[in-house]
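Everything below concerns the one structure shown next.
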Amino acid sequence: MGINRTIAPPIREIESFNIVKATKHNLSNGIPFYHLSDHNGDLVKIEWMFSAGNWYQPSPLVAFTVNNMLVEGSQKYTSLQIAELIEYYGAYLSYNIDRDHALVTLVCMHKYLSEVLEIVEDIIKNATFPENEIETFKNKHKQQFLIEQSMVKNIARAVHARMLFGNDHPYGYMIVENDFDRLNRDALIKFYQERYQSKHCKIVASGKVDDSVIKTIEKYFGGSTWNNSKQEFSGLFEIKTENERQIYIKKPGAVQSAVRIGKVLFNKLHQDYTGMSIVGCILGGYMGSRLMKKIREEKGYTYGINSIVVTFKNAGCLIIASELGAQVTLPAIDDIYTEIEKLRNEPIAQEELNRVKNYMLGDVLRMFDGSFAQAESLISLLEYDLDYDYFTKIISTIKNITTNDIQALAQKYLDPASFSQVVVGDY
């Protein structure tokens, strides 16, 4: 008997979860070390997380530059030697910086871990930041920045962050071209010595993690403490949302206009975070969301639109973002606010809420699909000093939230008068 494709398959509620927890112990020098084992493959993934994001930097771009230049030279190896050796062993090194943390990520074959970790140890502990490499880095990334800043979506993102947090705040500072010219080796080395040290480090290993992997990590990153700067960071930053709540930046000839609407909110430590994440999902968090249906499917104004509660360690925000056809930008913005008001004034249908619940529960399931995903989920906890009970609470909130709860949250936090809005394009 064939499948009747005119009938949608039934939606089955996700009932059970297997939250896989990492094993934790401290290395001999006190570094917290977490590992998740999966012996189905031959890869090992190791992530070093440092409290070294933008929040801690003394001036713009320092955190980004230090994180990305670790690989540009160490006491034992030149940048060319590092690149050749990593490639020789079939390994992969990547670097990521965000508002609060810096990550160094290694993926390599289990059998070559000792050889590769010897190189990575020198990169992390003994980076040298050669002057010629700094100049090359500055010139390359300045040109990349200038190219990116010609795009409406990047202008909108930067201006909106400044509007929300203020230009003196690490989450809101708007980078300018001269910031690249002001980078200097002394500032980079000082930041590196203060933030890339054992007391600011956590290590997460996943994949084929056995006793030999644990011993190898202990060999290269345990033992004595390293980079023991006694400088303590005591920075406190005040959020100063700009008084001007609507900014329009004209870009003649732009085919699309970038729109960002949002407000300062809270991070995942707040009791309403998960509830507001559900509200954001209903509004514009998945393909079946209200904004996608209205702005994309019904009106054809955009390829995509989304809303999300963004969380940082020291704050958070709600963001609605899209790139819209230039000639329909203003009508689309009106439709966005119409959908917000509907969410505030009309209770959501139980069927729609159930669909969103199942979608979000499926997202939680994917967070534990394999050891690499489990490691990412763990890092999202470590950034906030949370434990695995946090996921249990998320699941409980998603399952138990009611239509009345959704409307109450929307009325409490989605007042259009509290939003900041930026439009960049030929609207």
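Suppose we filter N67, N54, N4 for residues that are farther than 18 Å from A373 by Cα, within 22 Å of the chain's Cα centre (by Cα) and free of Cβ contacts under 8 Å to residues at least 60 places away in the same chain; which single one remains?
N67
Condition check ((1) among the basic types (K, R); (2) outside the structural domain of I134 (by TED's automatic domain parsing); (3) outside any strand (DSSP E or B); (4) modelled with pLDDT under 95) across all residues:
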| site | (1), (2), (3), (4) |
| --- | --- |
| I7 | no, yes, yes, yes |
| E13 | no, yes, yes, yes |
| H35 | no, no, no, no |
| G41 | no, no, yes, yes |
| K45 | yes, no, no, no |
| A52 | no, no, yes, no |
| N67 | no, no, yes, no |
| L70 | no, no, yes, no |
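Could you give me the residue pairs with C-beta distances under 7 Å whose first residue belongs to the stretch 332-343 and is in the same structural domain as V259 (by TED's automatic domain parsing), whose second residue is assigned to a helix (DSSP H, G or I) and among the basic types (K, R) wherever it lies, and which are 6+ apart or on separate chains?
Qualifying pairs under 7 Å: D335/K294; E339/R290; E339/K294.
Somewhere in the stretch 325-333, is a residue assigned to a helix (DSSP H, G or I), surrounded by 14 or more Cβ atoms within 10 Å (Cβ to Cβ) and of a type in the set (G, A, S)?
Within the stretch 325-333, one or more residues are assigned to a helix (DSSP H, G or I), surrounded by 14 or more Cβ atoms within 10 Å (Cβ to Cβ) and of a type in the set (G, A, S).
When you scan the stretch 306-364, how many residues do you find that are more than 27 Å from K153 (Cα to Cα) and either of a type in the set (D, E) or touching a His at 6+ places or on another chain (Cβ under 8 Å) (or both)?
Number of matching residues: 3.
Need pairs with beta-carbon distance below 6 Å; first residue polar (S, T, N, Q) and within the stretch 105-124, second part of a helix (DSSP H, G or I); sequence gap 6+ or separate chains.
S114/T216
Quick one: which of T392, T397 is of a type in the set (S, T, N, Q), in contact (Cβ under 8 Å) with a residue 60 or more places away in the chain and crowded, with 16+ Cβ neighbours inside 10 Å?
T397
Residues being touching a strand residue (DSSP E or B) at 6+ places or on another chain (Cβ under 7 Å), surrounded by fewer than 21 Cβ atoms within 10 Å (Cβ to Cβ) and not in a helix (DSSP H, G or I): count how many of those fall in the stretch 150-202.
The qualifying residues number 1.
Quick check on P60: is it modelled with pLDDT of 95 or more, loosely packed, with under 15 Cβ neighbours inside 10 Å, assigned by TED's automatic domain parsing to the domain that holds D181 and not small (G, A, S)?
No; evaluated as a whole, the condition is false for this residue.
Between T78, T65, which is buried (at least 21 other Cβ atoms within 10 Å of the Cβ), hydroxyl-bearing (S, T, Y) and closer than 27 Å to R182 by Cα?
T65
If you take the residues of the stretch 87-129 that are β-branched (V, I, T) and not in a helix (DSSP H, G or I), which of them is nearest to P170 (Cα to Cα)?
Among those that are β-branched (V, I, T) and not in a helix (DSSP H, G or I), it is I97.
Need pairs with beta-carbon distance below 7 Å; first residue closer than 24 Å to V107 by Cα and assigned by TED's automatic domain parsing to the domain that holds I278 and within the stretch 356-385, second crowded, with 16+ Cβ neighbours inside 10 Å and of a type in the set (D, E); sequence gap 6+ or separate chains.
Pairs that qualify, where the first residue is closer than 24 Å to V107 by Cα and assigned by TED's automatic domain parsing to the domain that holds I278 and the partner is crowded, with 16+ Cβ neighbours inside 10 Å and of a type in the set (D, E), are G370/D38; S371/D38; A375/E47; I379/E47; E383/D100.
The values are calculated or read from the model by the stated rules, or taken from the named source; none is laboratory data. The shown structure was predicted, so the numbers you read here are calculated from the model rather than taken from an experiment. With ideal geometry, Cβ positions are generated from the backbone for all residues, glycine too; neighbour counts draw on all protein chains shown.
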